[in-house]
Amino acid sequence: MTAQDELRLLPWAGPDGKPCYLSTGDHGGYVSRLADHIEAFQLGMASQLLEHARQVLDDTEDLEELHLLTGQLASALRDVLRVATSRGRRPVAPGHR
């Protein structure tokens, strides 16, 4: 088993919402690549959601729509914070800035 600072926090949760970690030095392995793709997708979705939020906040006073938007923003923020935490704990592989 590697030290805690060598573990990669994966962009998905395990049973009961507990964090999942990958213990490997291989940044090009299947699970590492899958995690990279999921992180990129999550960051892209957060960016799109932010733009949508700006439009909704400018154009609506519908409380149901604002409630839905708030839930989506909270979910996206959770994903982005997980990515930021993961990237803060591991070295960036060459070509993955």
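Tabulated values for the structure
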| quantity | calculated |
| --- | --- |
| Criterion violated by Asp36 - all others in (1) among the acidic types (Asp, Glu); (2) within 14 Å of the chain's Cα centre (by Cα); (3) farther than 19 Å from Arg78 by Cβ satisfied | (3) |
| Residue in the stretch 59-73 that is farthest from the chain's Cα centre (by Cα), counting only those that are of a type in the set (A, V, I, L, M) and open to solvent by 100 Å² or more (accessible area, probe 1.4 Å) | Leu63 |
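The values are calculated or read from the model by the stated rules, or taken from the named source; none is laboratory data. All values derive from a computational prediction rather than experimental measurement. Neighbour counts run over all protein chains shown; Cβ positions are idealised from the backbone, glycine included. Please note that ligands, DNA and RNA were not included when accessible areas were found on the heavy atoms of the full protein model with its side chains. Shrake-Rupley method; radii C 1.70, N 1.55, O 1.52, S 1.80 Å.
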